[in-house]
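**Student:** Handing you this structure, nothing more for now.
Derivation of every value follows stated rules applied to the coordinates shown; laboratory data play no part. The model shown is predicted, which means the values in this text are computed figures rather than measured ones. Ideal geometry is used to build each Cβ from the backbone, glycine not excepted, and the neighbour counts take in all protein chains shown.
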Amino acid sequence: MSFPLNRRRFIVGLSKTAAAFTLSGTAVSSLTAGEFNKRSGNQYLITGFDQTPLPYAYSDLEPVIDTMTMDIHYNRHAAAYASNLRDAAKAEGVNMKEPLEKLLSVISKYSTKLRNNGGGHYNHELFWHSMCKGGALLQDGLLKKELIKQFGSFESFQTQFNDAAKSRFGSGWAWLYADKDKQLRIGSTPNQDNPLMDLSDIKGTPLLGLDVWEHAYYLKYQNKRADYIAGWWKVVNWKSVEERYVGV
Ligand SMILES: [Fe+2]
């Protein structure tokens with residue numbers, strides 16, 4: 001199901017404000033993120049506090065990401081972030097019916113547990129939905145045009161993104177994100193931080209994130225992070241990245 005441009009912008013706008021607009025006559029504030037996304041037909045415009053189903057089988061990203069890594073990553077690591085997030089949110093009085101994006105924008109007011117697990121849950125939800133079986137190529141459109149304008153060529157963009165992913169010391173994420181002026185930017189964050197967080201060095205709307213924690217690749221690639229990064233491009237779902245950018 002696809003939406004006209006203005007519809008997508010409207011929906012994403014909701015995630016920024018969590019305002020009580022309506023969707024099919026129902027106040028958004030009365031919907032959980034899962035209910036909202038189901039009704040909007042888009043699984044990742046607003047992030048809730050529960051894991052959404054993996055949009056493909058554990059084996060679908062083979063040989064780039066092996067089945068065991070996908071299983072452990074989704075069912076243990078990411079599941080733990082979601083569970084710990086809910087525990088912390090409950091303890092700190094967070095309204096879990098509001099978008100997670102709203103909480104992350106003021107995360108400096110909350111505990112380290114909420115920061116780490118809120119970021120961990122958000123980042124992984126975005127990550128799962130940024131990949132698909134066989135990958136989906138970037139088609140001619142707004143995102144491709146802006147990528148070339150900003151970075152010179154798609155290949156140049158990939159090189160800069162790879163550098164950000166390879167040079168992140170320890171655990172963290174590499175990002176393609178849109179800043180407040182909708183300019184495309186590349187950067188990285190430590191641990192489970194992301195550009196939505198008010199305490200992040202880089203700020204904006206995440207469009208594409210690459211998990212460079214060792215749990216994401218060590219079973220297959222061991223210490224060869226660069227090989228994991230190079231292979232990962234083959235499973236990127238550019239259709240979802242494009243939709244996210246159009247909605248910014
Ligand atoms: Fe991860």
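**Student:** How many residues, within region 112-124, are hydroxyl-bearing (Ser, Thr, Tyr) and either surrounded by 15 or more Cβ atoms within 10 Å (Cβ to Cβ) or within 16 Å of the ligand (Cβ to nearest atom) (or both)?
**Tutor:** Narrowing region 112-124 to residues hydroxyl-bearing (Ser, Thr, Tyr): 112, 122.
Right, trim to either surrounded by 15 or more Cβ atoms within 10 Å (Cβ to Cβ) or within 16 Å of the ligand (Cβ to nearest atom) (or both) and you get 122.
Selection size over region 112-124: 1.
**Student:** Output the residue which, of all residues in region 92-110 that are in contact (Cβ under 8 Å) with a residue 12 or more places away in the chain and loosely packed, with under 13 Cβ neighbours inside 10 Å, is nearest to the chain's Cα centre (by Cα).
**Tutor:** Pass one, region 92-110, residues in contact (Cβ under 8 Å) with a residue 12 or more places away in the chain: 92, 94, 96-108, 110.
Those still in the list that are loosely packed, with under 13 Cβ neighbours inside 10 Å too: 106, 108.
On the way: Val106: 18, Ser108: 20 Å.
Going through the qualifying residues, I end up with Val106.
**Student:** Among the residues that make up region 180-202, is at least one of them surrounded by 22 or more Cβ atoms within 10 Å (Cβ to Cβ), in contact with a helix residue (DSSP H, G or I) (Cβ under 7 Å, 6 or more places away or on another chain) and closer than 16 Å to Ile65 by Cβ?
**Tutor:** No, every residue in region 180-202 fails to be surrounded by 22 or more Cβ atoms within 10 Å (Cβ to Cβ), in contact with a helix residue (DSSP H, G or I) (Cβ under 7 Å, 6 or more places away or on another chain) and closer than 16 Å to Ile65 by Cβ.
**Student:** So which residues in region 216-235 are within 16 Å of the ligand (Cβ to nearest atom), within 18 Å of the chain's Cα centre (by Cα) and more than 15 Å from Ala165 (Cα to Cα), if there are any at all?
**Tutor:** Hit for region 216-235 is Val235, nothing else.
**Student:** Given the conditions (1) of a type outside the set (Lys, Arg); (2) touching a Ser or Thr at 6+ places or on another chain (Cβ under 9 Å); (3) assigned to a loop (DSSP other than H, G, I, E, B), report the number of the one that Tyr122 does not fulfil.
**Tutor:** (3)
**Student:** Residues being touching a helix residue (DSSP H, G or I) at 6+ places or on another chain (Cβ under 6 Å) and among the charged types (D, E, K, R): count how many of those fall in region 136-179.
**Tutor:** 1
**Student:** On the given criteria, is Gly134 part of a loop (DSSP other than H, G, I, E, B), surrounded by fewer than 20 Cβ atoms within 10 Å (Cβ to Cβ), within 16 Å of the ligand (Cβ to nearest atom) and touching a residue at least 12 places away in the same chain (Cβ under 8 Å)?
**Tutor:** Working: part of a loop (DSSP other than H, G, I, E, B): yes; surrounded by fewer than 20 Cβ atoms within 10 Å (Cβ to Cβ): yes; within 16 Å of the ligand (Cβ to nearest atom): no; touching a residue at least 12 places away in the same chain (Cβ under 8 Å): yes.
Here the answer is no, as Gly134 does not meet what is asked.
**Student:** Can you tell me which residue in region 58-91 is farthest from Gln222 (Cα to Cα), limited to those that are in contact (Cβ under 8 Å) with a residue 60 or more places away in the chain and among the aliphatic types (A, V, I, L, M)?
**Tutor:** Leu61
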